[in-house]
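S.K.: Supplied in structure tokens, the structure appears directly below.
The values are calculated or read from the model by the stated rules, or taken from the named source; none is laboratory data. These figures come from a predicted structure and were not determined experimentally. A quick note on method: Cβ atoms are made from the backbone with ideal geometry, for glycine too, and the neighbour counts reach across all protein chains shown.
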Amino acid sequence: MESLLVENLYLIGEILDVDGICGGYNLGFAWISGILAGEGVCKK
């Protein structure tokens, strides 16, 4: 989830504007991308 242009800039959740079917998919992506970004930050 780290930006390819700016080091240590992580983009997550709604800022990525992922289109999904209504019913929780967008919320699920927001939560999962937040978890992945947090794990990525902790590994550095």
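S.K.: Looking at Leu5 and the list (1) part of a loop (DSSP other than H, G, I, E, B); (2) modelled with pLDDT of 80 or more; (3) surrounded by 12 or more Cβ atoms within 10 Å (Cβ to Cβ), which single condition is not satisfied?
M.R.: Against the list (1) part of a loop (DSSP other than H, G, I, E, B); (2) modelled with pLDDT of 80 or more; (3) surrounded by 12 or more Cβ atoms within 10 Å (Cβ to Cβ), Leu5 comes up short only on (3).
S.K.: Since Ile21 meets every condition but one in (1) part of a helix (DSSP H, G or I); (2) modelled with pLDDT under 80; (3) over 8 Å from the mean Cα position of the chain (by Cα); (4) among the hydrophobic types (A, V, I, L, M, F, W, C), which condition does it not meet?
M.R.: (1) is the only condition that Ile21 fails.
S.K.: I've got another one for you. Just one of Gly34, Gly13, Gly38 is of a type outside the set (Phe, Trp, Tyr), surrounded by 11 or more Cβ atoms within 10 Å (Cβ to Cβ) and at pLDDT below 80; which is it? Outline the logic, then answer.
M.R.: Numbers: Gly34 fails: at pLDDT below 80; Gly38 fails: at pLDDT below 80.
The unique qualifying residue is Gly13.
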